[in-house]
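I'd like to ask some things about the structure below.
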Amino acid sequence: MIGPGTGVRVYLACGVTDMRKGIAGLAALTQDVLRQKPTSGAVFAFRGRRGDRIKLLFWDGQGFCLYYKVLERGRFPWPNAQDGAMRLTSAQLAMLWEGIDWRRPDWGAPPARVG
């Protein structure tokens, strides 16, 4: 994914977001609901009601970047909380963007040792 590097702060907006919102609307939610400064350099993640759409808002120092992804199948994993924010690591954000459940990734069993 083109965008912020590792180590970036990530805030996930719990609950449902109206996916018709653009940059201005999501920046307002960031400030009013998440209580964060939209131009802080953090990534803010929002998910729609059906769960198959996600938007990421990010200030890159020159302007806002808006990333939008729609899954062909499945849903993005999301906490049940109705409002507020949750912090994620940049690794968890990468898993989320790929549709992997970042809350309990399945890394598989370690390989059997021979010998």
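The values are calculated or read from the model by the stated rules, or taken from the named source; none is laboratory data. Here the structure is a predicted model, which means the values were calculated and not measured. In this analysis, Cβ positions are derived from the backbone assuming ideal geometry, glycine residues included, and neighbour counts consider all displayed protein chains. Just the protein is used for accessible areas: all its heavy atoms, side chains included, with ligands, DNA and RNA removed. Shrake-Rupley method; radii C 1.70, N 1.55, O 1.52, S 1.80 Å.
So, of the residues in the stretch 21-51 that are open to solvent by less than 20 Å² (accessible area, probe 1.4 Å) and in a helix (DSSP H, G or I), which turns out to be farthest from P77 (Cα to Cα)?
A27
Continuing with this model, one more query. Inside the stretch 52-75, can you point out the residues that are over 14 Å from A24 (Cα atoms) and surrounded by 20 or more Cβ atoms within 10 Å (Cβ to Cβ)?
Of everything in the stretch 52-75, just one residue is over 14 Å from A24 (Cα atoms) and surrounded by 20 or more Cβ atoms within 10 Å (Cβ to Cβ), namely I54.
Among G7, G41, G51, G61, which is on the phi > 0 side of the Ramachandran plot and within 13 Å of the chain's Cα centre (by Cα)?
That would be G51, the only listed residue that is on the phi > 0 side of the Ramachandran plot and within 13 Å of the chain's Cα centre (by Cα).
Determine whether the stretch 22-42 contains at least one residue that is modelled with pLDDT of 85 or more and in contact with a Cys (Cβ under 8 Å, 6 or more places away or on another chain).
Checked against the condition, which is being modelled with pLDDT of 85 or more and in contact with a Cys (Cβ under 8 Å, 6 or more places away or on another chain), the stretch 22-42 yields no hits at all.
Further question on the same structure: Would you call L56 in a helix (DSSP H, G or I) and at pLDDT 90 or above?
The answer is no for L56.
Being in contact with a strand residue (DSSP E or B) (Cβ under 8 Å, 6 or more places away or on another chain) and aromatic (F, W, Y) is the filter; apply it to the stretch 59-115 and report the residue that is modelled with the lowest pLDDT.
So the residue we want is W102.
Separate question: Output the residue which, of all residues in the stretch 76-88 that are among the hydrophobic types (A, V, I, L, M, F, W, C) and open to solvent by less than 20 Å² (accessible area, probe 1.4 Å), is nearest to T6 (Cα to Cα).
Residue satisfying both the conditions and the ranking: L88.
Taking the stretch 1-13, which residues are touching a Gly at 6+ places or on another chain (Cβ under 9 Å) and at pLDDT below 90?
P4, V8
Another question, then. Spot the failing condition for D18; the list is (1) out of contact with any Ser or Thr (no Cβ under 8 Å at 6 or more places or on another chain); (2) outside any loop (DSSP other than H, G, I, E, B), and only one is missed.
(2)
Is it the case that some residue within the stretch 71-84 is polar (S, T, N, Q) and within 14 Å of V10 (Cβ to Cβ)?
Among the residues of the stretch 71-84, not one is polar (S, T, N, Q) and within 14 Å of V10 (Cβ to Cβ), which makes the answer no.
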